[in-house]
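Following: one structure in structure tokens, then a few remarks.
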Protein chains: 2
Amino acid sequence: MPSVRSFVAVCLLGLLSIAVRADEGMWLFNQPPRELLKDRYGFDLTDAWLAKAQRASIRFNNGASGSFVSPDGLCVTNHHVGADSLQKLSTKEKNFYQDGFYAKSRDQELKCPDLELNVLDSIEEVTKEIQGAVEASMSAQEADLARRAIIAKLTKESLAKTGLRSDVVTLYNGGQYHLYRYKKYTDVRLVMAPEHAIAFFGGDTDNFEYPRYDLDICFFRVYEDGKPAKTPNYFAWSKTGPAEGDLVFVSGHPGTTNRLETFELLRHRRDFVLPYTLRLLRHREALLRQFAEKGPTQQRLAEEDLYSVANSRKALTGQYQGLLDPAILKTKQSMEAPLRATWERTGKDLGGKTNPWDRISASLENRARYETLYYLLERGDAFDSRLFRIARTLVRAADELPKDDGKRLPEFKSAGLESLKFQLFSPAPLSRELERMKLAGSLSLVAEVLSAEEPRVLKALAGASPAKRAAALVDGSKLNDVSERRRLFDGGKKAIDESTDPMIVLARLVDADARAVREKWDQDQEVSKQAFADITRLMFAQKGNDVPPDATFTLRLAYGVVKGYEEDGRKLPFTTTLGGAFERAEELNNREPFNMPKRWLDGRSKLDLKTPFNFVSTADTIGGNSGSPVLNRQGELVGINFDRNRHGLVRNFVYTEEQARHVSVHSRAVLEALRSLYDANELILELTGK
Amino acid sequence: MPSVRSFVAVCLLGLLSIAVRADEGMWLFNQPPRELLKDRYGFDLTDAWLAKAQRASIRFNNGASGSFVSPDGLCVTNHHVGADSLQKLSTKEKNFYQDGFYAKSRDQELKCPDLELNVLDSIEEVTKEIQGAVEASMSAQEADLARRAIIAKLTKESLAKTGLRSDVVTLYNGGQYHLYRYKKYTDVRLVMAPEHAIAFFGGDTDNFEYPRYDLDICFFRVYEDGKPAKTPNYFAWSKTGPAEGDLVFVSGHPGTTNRLETFELLRHRRDFVLPYTLRLLRHREALLRQFAEKGPTQQRLAEEDLYSVANSRKALTGQYQGLLDPAILKTKQSMEAPLRATWERTGKDLGGKTNPWDRISASLENRARYETLYYLLERGDAFDSRLFRIARTLVRAADELPKDDGKRLPEFKSAGLESLKFQLFSPAPLSRELERMKLAGSLSLVAEVLSAEEPRVLKALAGASPAKRAAALVDGSKLNDVSERRRLFDGGKKAIDESTDPMIVLARLVDADARAVREKWDQDQEVSKQAFADITRLMFAQKGNDVPPDATFTLRLAYGVVKGYEEDGRKLPFTTTLGGAFERAEELNNREPFNMPKRWLDGRSKLDLKTPFNFVSTADTIGGNSGSPVLNRQGELVGINFDRNRHGLVRNFVYTEEQARHVSVHSRAVLEALRSLYDANELILELTGK
């Protein structure tokens, strides 16, 4: 049956055909789409299948996904997900990010300085407890504090009882609350990564495009007590991979979608959030590119940031273009009408409140007054520096930790403290040269966005130019030394107050302003959450429980069909081949970013060039799904998701499946490359269980 | 004697030494710095020297400079100045921009489609006539019209009398007016260009840096009546080039400086003009880069735009950083104080007007209300498309040409009509793919900068997304056909009104809004010009005539000394060598933009590697000086200016000479490369007169 949304999508694409079904949905593991799968694909989603998928799926805490692929803690994800660790493990002499890495034996595996992996253990519905703690008579401020307190209490109790990392997840923008418990791994070691040139073949040019030819994979292994962890739940590696028309599943951690946002929220996103963010990203990109071009060292230092910024810029440009298409917002408005009508009929029963859409619009009007400041000061866009983030964490920890758990800023609540310290005390190296450039750039951006005479800008610049100020802050700080961070953290308020470290001084200087604007933000978010609780109730009453919530960087199950599509009259096949990569490289004269690594050029004759390389399916994914396992009906791993095509860029707002696809590395391509080019027999044996 | 400004500069740089002199100044040819040169350098600037320099210097109408270097119309400029023509002459098969060009004989020289060169014939002071036409009792609108009318009259009479292109130049922001008469060349042919890789060796990375290794040269020849023009005034090519400590001159066309702007104007530049412009440039740069990476064809189509945008972005970033240094604006303020005091004492004598600084501030306050719209609609930032610019010219020509000369928009006044038609009917090829991308990008930027629901944005988008709208406009337009442009131009108002060409329709649609905002702009500019007339009178009364006016893209003479400087404790020599280029390429692994052309790699052993390649001097230059001849005391050409270093980026506001330098190609390097690598004996013979 065509859903409203898929129909809309079809209209948007200007197609005349009627969609017969849509594979939309990033489904909760505790509310899986059993009936849909049974009806459409005759597939029985058993508890056992689901339980294994849950425990074999991994959240990468730097914002992505992965999975176990052996009983001995071996995990696979994308090269671009491993990039942060590859970069931190690299030195002037050894650039693992560019040149790749392979540990032939376990003692050669390299420990990542600050990579935390989470595996979902259980989900508990806590909507009643949390909504019950907030009373109708409370002001937004009181309600926000009450909500914060009950969340701190629930997570603290859960941690004490189970020893597991415990997070409360806000679903439906405030319509539901679930408590997620995770097993945590912090000893994660690098096993294998291919060269950047083949992992990201086609670079920024082909990013969000298809056909593709990327070996975007990276293997890690989790350790416990110094030994490889036992991971009995893992995905068997498929030696055949998927065929056209196959049903496949993606089990991963989609980051953010905005499909259930109201019309006014999307409009605000179009008119404020995206223009601001695109401006920020283009500013950073220009600076990073200029820095990276200075020489090989700067190239190595900047490349991960540069990838991430260019990737976001491209994704958000696509989103913005989507929202500039009048059809999308018009449709959103018309979808809201029936719910609004229901409210008008029944709203009185819900307590006689103003309708929730107007409450959200009112909170947006508030937000518009301070939103830029919030991003600059509190989110830290003004201080793009790892040293500053460390300084702020230290300054705030000194204020927050002495408070009752329920009254702390959420990121300091006791249930999350261990993960926070793991990041804070990370020994990952830090480049002062890169820090200076980024901080000078962001200080300059504040002046551009606000005004060079805005009091907060003047305060941050302290009478100097951005470049001079950044140099003084970065060169004068000792926070690159982990023991100094520990000393300040352990020394509490007194140590912080006495510190003359310029970064600590800056973090102290701007903290009151930042906290003030955050308080406003939190209160307006609280208004929005309460309104969404009402909207969600209405939506469930009208449509039943089969609308999955927007993505929240928590585990979700998506499903779809492996199939090609048409573009500009050209039929794109569901899969590319290894041979196709060589052809594309030649077509573009082997120029960056279409230069194959030497290993590939030399080893071409050893490869079976007909091996499928990348493939596409209709399953519903978004940023955060990078590295997600793609599974077949048997629960075998047939691919590793690494991208979606440009037609999928509006997926934040609407799901479409006529042309939108996610792109994965084919499981056979991995085996073929490991065998014929990387001489990685140990790894193949572990993957194939022989 | 240290001038106020040079002293300031020294303070800004935090240096303790006192400057003993400063080589500041882009001097007018009719107000040359004879005494300064005599006092400081014992140099007699004779009338003969000056007259030859004037007639051998060339203005490139695409915004740069050059000079004659043989009696047969041979000219030299920069590769990046010739780039526009190189790109327009290139085809899918022959990429002259990338691969270079050499015409061994005259019949192989290639005619540029729309390059116009101007040579200054004479200057006439017309301040009295122009200021006399504006009466104190007139409103800003009346004054603007009166000024426009007298300028149209003077230029028309001059053209009729002399047959020469006649322009009125506004100096001192309105303090003086001179009439410039130019001999015009429109048959300009390409003679020689080296490969882009060596012309722009180091690319964006080394742009505005030193040491440098760029063969940034390009040779053209002007023709008259189908034959090489006779150019008896030309610069002899120096076979030795300059030595350290030599006095040199730069005779060229600096574009814009802002040194005489008021404090409030600079503040407005910092808080509005530069942030807006940087946002625009970064937006364009990201799109162009993405486009260029698609493949070799797109690379060729986009590279000239990309160079120009990246170059501006880097230059303006430097300017913005300069204005963010509180010292610069503070100094400006204190420099203004004595002039203000004089006004307070004597202002009454000048007619009892409000003081000019306050009048400028008031006009700025006005401007701030519509300035973004002015840039988007009237300057055309919203419609970044050659087809649109053609359409607008046609639409406006139909309205303007029937009017009296004095009442037309200045760009349509009869004295300039021939040059306007030369551009309008240019047969230069036009890529619809590039046009679509640029127009879609700029339509999208308007929404970002204003709002997606701003009525003028909605009007321009006509209910479609930017991409769809741009595609419809570009693909539907027939204005790529020169005969269609002629038909519409000749058909006048009726032809334009009847046209259904979508670009013409768009240009008609936005014209009323664009004209309205331009009218406001022109009136506020008029207020500013009148105020600057007062400020200039005060300044001359106080300091005498030895303050040269800000740059106006007209011929100026600068002088300076060839010398190295220190940077971060490193002593940089006054010159680099050809061998240094090879070393730098190796140091950076021959990766773009440090890849030498094959010709250079193969021919290395043939070169005298000790030959000086680029050199620096203290002479006062700015953008627009690109391609300027650098001359010695004898008036021989010792170099071709092509860049300034990053310390020179604040030259828009202050001149400094401690580290700021302009960078030139050494005359010996050109001869050595032509002889040993390019097999260009005919050209060498012509240059050396043998």
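The values are calculated or read from the model by the stated rules, or taken from the named source; none is laboratory data. Just so we're clear, the structure is a prediction, and the values are computed from it rather than from any experiment. Cβ coordinates were reconstructed from backbone atoms using ideal geometry, including for glycine residues, and neighbour counts include every protein chain displayed. In case anyone asks, the SASA skips ligands and DNA or RNA and just uses the protein heavy atoms, side chains included. Shrake-Rupley method; radii C 1.70, N 1.55, O 1.52, S 1.80 Å.
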Seminar exercise, completed: The helices (runs of 4 or more DSSP H) lying wholly within region B:451-529 that contain at least 1 residues that are within 13 Å of chain A (Cβ to nearest Cβ) and either among the small types (Gly, Ala, Ser) or buried (at least 20 other Cβ atoms within 10 Å of the Cβ) (or both) are B:455-461, B:466-476
Problem set entry | Residues satisfying the stated conditions in region B:32-42, i.e. outside any helix (DSSP H, G or I) and buried (at least 17 other Cβ atoms within 10 Å of the Cβ) | B:32, B:33
Exercise. Which one of the conditions (1) within 30 Å of residue B:268 (Cβ to Cβ); (2) at pLDDT 95 or above does residue A:424 fail to meet, given that it meets all the rest?
Worked result: (1)
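Give region A:47-102 a look and list any residue that's in a strand (DSSP E or B) and open to solvent by 10 Å² or more (accessible area, probe 1.4 Å), or say none.
A:59, A:101, A:102
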Exercise. So, of the residues in region A:571-618 that are more than 17 Å from residue A:642 (Cβ to Cβ) and small (Gly, Ala, Ser), which turns out to be farthest from the other protein chains (Cβ to nearest Cβ)?
Worked result: A:605
Exercise. Somewhere in region A:380-390, is a residue within 14 Å of chain B (Cβ to nearest Cβ), within 20 Å of the chain's Cα centre (by Cα) and either open to solvent by less than 20 Å² (accessible area, probe 1.4 Å) or in contact (Cβ under 8 Å) with a residue 24 or more places away in the chain (or both)?
Worked result: no
For this session: Look through B:645, B:625, B:590, B:632 and report the one residue that is out of contact with any helix residue (DSSP H, G or I) (no Cβ under 6 Å at 6 or more places or on another chain) and modelled with pLDDT under 95.
Result: B:590
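May I ask you to list the residues in region B:436-450 that are more than 8 Å from chain A (Cβ to nearest Cβ) and closer than 22 Å to residue B:290 by Cα?
Residues satisfying the conditions are B:436, B:437, B:438, B:439, B:440, B:441, B:442, B:443, B:445, B:446.
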For this session: Could you check how many residues of region B:189-202 are more than 17 Å from residue B:102 (Cα to Cα) and open to solvent by 10 Å² or more (accessible area, probe 1.4 Å)?
Result: 1
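Does residue B:214 qualify as being open to solvent by 10 Å² or more (accessible area, probe 1.4 Å) and either over 21 Å from residue B:555 (Cβ atoms) or not polar (S, T, N, Q) (or both)?
So residue B:214 does not fit the description; no.
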For this session: From B:205, B:162, B:186, grab the single residue that is over 25 Å from the mean Cα position of the chain (by Cα) and surrounded by fewer than 22 Cβ atoms within 10 Å (Cβ to Cβ).
Result: B:162
Seminar exercise, completed: Note on region B:330-342: residues open to solvent by less than 30 Å² (accessible area, probe 1.4 Å) and either within 13 Å of chain A (Cβ to nearest Cβ) or closer than 19 Å to residue A:440 by Cα (or both) are none
Seminar exercise, completed: Apart from one, (1) within 14 Å of chain B (Cβ to nearest Cβ); (2) surrounded by fewer than 19 Cβ atoms within 10 Å (Cβ to Cβ); (3) over 24 Å from residue A:60 (Cβ atoms) all hold for residue A:268; the odd one out is (2)
Problem set entry | Of the criteria (1) open to solvent by less than 40 Å² (accessible area, probe 1.4 Å); (2) within 14 Å of chain B (Cβ to nearest Cβ); (3) closer than 14 Å to residue A:385 by Cβ; (4) touching a residue at least 40 places away in the same chain (Cβ under 8 Å), which one residue A:433 fails | (1)
Exercise. Does region A:318-329 contain any residue that is more than 11 Å from every other protein chain (Cβ to nearest Cβ) and either crowded, with 20+ Cβ neighbours inside 10 Å or more than 23 Å from residue A:646 (Cα to Cα) (or both)?
Worked result: yes
Exercise. Do we find a residue being of a type in the set (Asp, Glu) and either closer than 17 Å to residue B:441 by Cβ or in contact (Cβ under 8 Å) with a residue 40 or more places away in the chain (or both) anywhere in region B:476-496?
Worked result: no
For this session: Test residue B:663 against the stated conditions and say whether it is of a type in the set (A, V, I, L, M, F, W, C), within 18 Å of the chain's Cα centre (by Cα) and open to solvent by 10 Å² or more (accessible area, probe 1.4 Å).
Result: no
For this session: Considering each of B:221, B:259 in turn, give the residue that is more than 14 Å from every other protein chain (Cβ to nearest Cβ), of a type in the set (D, E, K, R) and touching a Phe, Trp or Tyr at 6+ places or on another chain (Cβ under 7 Å).
Result: B:259
Exercise. Within region B:393-402, is even one residue in a helix (DSSP H, G or I), within 22 Å of the chain's Cα centre (by Cα) and not small (Gly, Ala, Ser)?
Worked result: yes
Seminar exercise, completed: When region B:103-115 is checked residue by residue, the ones that are of a type in the set (A, V, I, L, M, F, W, C) and either crowded, with 20+ Cβ neighbours inside 10 Å or in a loop (DSSP other than H, G, I, E, B) (or both) are B:103, B:112, B:115
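Pick out, from region B:572-690, the helices (runs of 4 or more DSSP H) lying fully within it that include 2 or more residues that are farther than 19 Å from residue B:216 by Cα. It would help to see each step written out before you state the result.
Working: elements: B:578-587, B:598-603, B:667-676, B:681-688.
Here the list reads B:578-587, B:681-688.
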Exercise. Taking residue B:282 and the conditions (1) within 14 Å of chain A (Cβ to nearest Cβ); (2) surrounded by fewer than 20 Cβ atoms within 10 Å (Cβ to Cβ), which numbered condition does it fall short on, given that it satisfies the others?
Worked result: (2)
Problem set entry | Selection status of residue A:332, assigned to a helix (DSSP H, G or I), among the charged types (D, E, K, R) and touching a helix residue (DSSP H, G or I) at 6+ places or on another chain (Cβ under 8 Å) | yes
For this session: Only residues that are of a type in the set (D, E, K, R) and part of a helix (DSSP H, G or I): list them for region B:116-155, please.
Result: B:128, B:129, B:142, B:144, B:147, B:148, B:153
Problem set entry | Hey, residue B:581 small (Gly, Ala, Ser), within 26 Å of residue A:297 (Cα to Cα) and either at pLDDT below 95 or touching an Asp or Glu at 6+ places or on another chain (Cβ under 9 Å) (or both) or not | yes
For this session: Check whether at least one residue in region B:542-556 is surrounded by fewer than 17 Cβ atoms within 10 Å (Cβ to Cβ), within 14 Å of chain A (Cβ to nearest Cβ) and of a type outside the set (S, T, N, Q), and report yes or no.
Result: no
For this session: Report yes if residue B:252 is closer than 19 Å to residue B:637 by Cα, open to solvent by less than 10 Å² (accessible area, probe 1.4 Å) and away from every other protein chain (no Cβ under 14 Å), otherwise no.
Result: yes
